[in-house]
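Asker: Below: one structure in C-alpha cells.
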Amino acid sequence: MDAVAPPMMDAAIGEPGVACTGAWDDASRWIEIFGEVAAGRTEPLGDLYDMASRRLYGLALWRTGSRDLAAEVVQELFIRVAEHGERLASVRDPRWWLLSVTHRLAIDAVRRAARREAEPIEEHGELAAEPVDHARAVDAQRAWALVARLSAKQREVIYLHHVAEMSHAEIGRCLGVPAFTAASRYRLALKALRGMLGRTT
Amino acid sequence: MNVERDPVTRLLAAIEEPEPPRGLRELALAGAAAAGARKAAVDAWRRLWESRPLRLAWAVAVALLVAANFTIRTGSRARPPAVPAAAAAQERAGLKELQAIVELPRIRLHSAGIDAPEWRTTGPHAPEPKTPHHDQEDKS
C-alpha cells in the first residue's frame, strides 16, 4: 500500500479552510449557515465546506469505495445545496440533510460508475486519514483492509457509527431506513469483521 | 462492550475521517456558484409569477372570462326561439282550417240537427234536410 502523507502535513502546506470537525455538533451554526444560503448569500458555502467536507467526503468514500467518485459526490452535493436555495430555510437539521443527500448521491455515483469493479477499494489506501501514532496507524491499516471487504451498505454503517459517531437512530434517519435496520446492518458488519479478523489471526 | 477487549472495535476506533483531496474545495464552491447563477436565471419567471399584482391581474382575467361565458350562456336561453313561434302560428292556422271543416254549415237555419230535442221526439221520420248535393242529384 502506497504511503500516505499524514493529514497534518497536508494542512500545514496551506490548504485553505481546514475542516473544523468540532463545529459539526454546533446545531445553531448549521441553522445559521443554511439560513444565509437560503437568503441567497454564497459566502457561507465556504464555511459549510470547512465544517462538513471531511465527514461528507468520508461517507461518500466509504460508500463508493472510490476517491474520484467521492469527490464527484461532494461537488454534486454543493450543487444541490445551491439549487435548493430558499428551500434550505425549511430544513430542520442541516447535518442529517447533508448526510442523507450524500448517501443518495453516493449510491447514484456507484450505479453510474461502470469501472468500479476494476478498482478494488483495497488499493485505495485513503479510506481513512493516516494517524500520527504508529500503533494507531497499524490498527487503522488493518481496519480498512478488513472494512474494504464489507459490502457498501455495511461499510457505510460502520463509518457513520464509528467515525461519524452517530447512533443507530441517527444513522437510520440519515440513510432513510428504520433504526432497527441500521442496527442490524451494523451487527452483521461487526460479525463479518470478527469473522475476517479471526481468520487472519 | 469494552473497546479494548473487542479487537474489532479497537481497530475501528483507530480509523479517522479521511481528508478530502486538494482542490476539491474550489471545485465544489465553483460548482455551487454556477448552479446558483443558473437558478437565478430560471427563477426570473418564478419571480414574475410570485408578484402579487401579476397574480391579481391573472385572477381578474380568469374571473372576467368565466363571467362572460356565463352571461353568454344565460342570455341565449332567455331569448324565445324563432322557429317554435312560427311553428305554433302554423299549427294554429291549421287548427282553424280543421275546425272549419269539422263545423259543417247548416243549410236551413231553422232546421234542427239530429241532436235536437225535436228530432228525438218525432223519431227518424223527420224530413231530411236538403243539401245542395241532393238537389243536384235529382236534376241528373
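Only the coordinates and a few stated rules stand behind these numbers; no lab work does. As the structure is a prediction and not an experimental result, all values here were calculated from the model. Here Cβ is always computed from backbone atoms with ideal geometry, including for glycine, and neighbour counts include all displayed protein chains.
Asker: What order do you get for A:29-35, A:57-63 when each peptide is scored by the mean count of other beta carbon atoms within 10 Å, highest first?
Answerer: Result, highest mean first: A:57-63, A:29-35.
Asker: Another question, then. Want the number for A:R41 to A:A179: 0.36 nm per residue separation, take away the alpha-carbon distance, what's left?
Answerer: Gain on stretching A:R41 to A:A179: 46.1 nm.
Asker: From the convex hull of the Cα coordinates of segment A:147-195, what is the mean projected area in square nanometres?
Answerer: Spelled out: convex hull of the Cα atoms, projected over all directions, averaged, 2.9 nm².
Asker: Ok, one more. May I ask you to derive the FRET efficiency for A:R111 and B:L27 from their Cβ-Cβ distance with R0 = 25 Å, giving the value to the nearest 0.05?
Answerer: The calculated FRET efficiency here is 0.70.
Asker: I want the local charge near A:A23. Using Cβ-Cβ distances under 13 Å, sum +1 for each Lys or Arg and -1 for each Asp or Glu among the other residues.
Answerer: -1
Asker: Applying a 10 Å radius around every beta-carbon, put A:49-55, B:94-100 in order of their mean neighbour count, most first.
Answerer: A:49-55, B:94-100
Asker: Next question, about the same structure. Need one value for A:73-82: mean number of C-beta atoms belonging to other chains within 10 Å of its residues' C-beta atoms.
Answerer: Per residue, the average neighbour count from other chains is 6.
Asker: Something else: If R₀ is 25 angstrom, what is the calculated FRET efficiency for the pair A:K191 and A:V138, using the beta carbon separation as r and rounding to 0.05?
Answerer: That gives a FRET efficiency of 0.60.
Asker: Set the Förster radius R0 to 56 Å, insert the Cβ-Cβ distance between A:R199 and B:L56 as r into 1/(1 + (r/R0)^6), and round the FRET efficiency to 0.05.
Answerer: 0.15
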